[in-house]
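These notes are about the structure you will find just below.
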């Protein structure tokens with residue numbers, strides 16, 4: 001789920017995370033299923049549109065995610081990126097990768113759009129990024 005993050009976006013994400021940490025009710029509301037689930041649905045819809053267009057609508061369900069194969073490499077980070085329930089990739093599709101990406105799908109479902117700043121705050125190094133560690137570094141290809 002690697003992303004290219006500008007310094008401005010990273011600062012905004014850190015501000016959001018700081019607000020979540022300071023104010024318990026903000027965290028409770030932002031991570032509530034009533035807020036998170038529609039965020040997941042929105043991210044999935046955006047992923048279907050984006051991945052559908054870029055893969056020429058060759059979408060398919062596989063390994064617990066919707067796979068958008070044959071996307072141009074500029075459209076995702078590293079070997080692929082999961083947006084909601086949609087995994088965008090060129091050809092990085094193996095059972096282990098799909099298991100890894102299915103965990104990211106579950107993270108999107110749990111956190112909704114809050115996953116974006118939370119993921120940024122977790123850091124760029126996959127070995128210490130809690131979302132990548134939870135998804136499985138070996139399955140994600142981070143330990144090769």
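The table for this structure:
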item: Output for the range 54-68, where each listed residue is within 18 Å of residue 141 (Cα to Cα) and surrounded by 20 or more Cβ atoms within 10 Å (Cβ to Cβ); result: 65, 67
item: Tally of residues being surrounded by fewer than 15 Cβ atoms within 10 Å (Cβ to Cβ) and in contact with a helix residue (DSSP H, G or I) (Cβ under 8 Å, 6 or more places away or on another chain) across the range 111-127; result: 1
item: Condition met for residue 140 (buried (at least 19 other Cβ atoms within 10 Å of the Cβ) and assigned to a helix (DSSP H, G or I)); result: no
item: Criterion violated by residue 98 - all others in (1) within 10 Å of the chain's Cα centre (by Cα); (2) in a helix (DSSP H, G or I); (3) under 24 Å from residue 53 (Cβ atoms) satisfied; result: (1)
item: Residue, surrounded by the most Cβ atoms within 10 Å (Cβ to Cβ), within the range 69-90, restricted to residues that are at pLDDT 95 or above and part of a loop (DSSP other than H, G, I, E, B); result: 84
item: Number of the condition not met by residue 125 [criteria: (1) without any contact (Cβ under 8 Å) to a residue 24 or more places away in the chain; (2) within 16 Å of residue 42 (Cβ to Cβ)]; result: (2)
item: Filter pass, residue 103 being surrounded by 14 or more Cβ atoms within 10 Å (Cβ to Cβ) and modelled with pLDDT of 95 or more; result: yes
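Residues checked against (1) assigned to a helix (DSSP H, G or I); (2) under 18 Å from residue 112 (Cα atoms); (3) in contact (Cβ under 8 Å) with a residue 40 or more places away in the chain; (4) touching a strand residue (DSSP E or B) at 6+ places or on another chain (Cβ under 6 Å):
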| site | (1), (2), (3), (4) |
| --- | --- |
| 29 | yes, yes, no, no |
| 42 | yes, yes, yes, no |
| 53 | yes, no, no, no |
| 66 | no, yes, no, yes |
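The values are calculated or read from the model by the stated rules, or taken from the named source; none is laboratory data. Just so you know, these numbers come straight off a predicted model, no measurement behind them. Because the Cβ atoms are built from the backbone with ideal geometry, glycine has one as well, and the counts that use them run over all protein chains shown.
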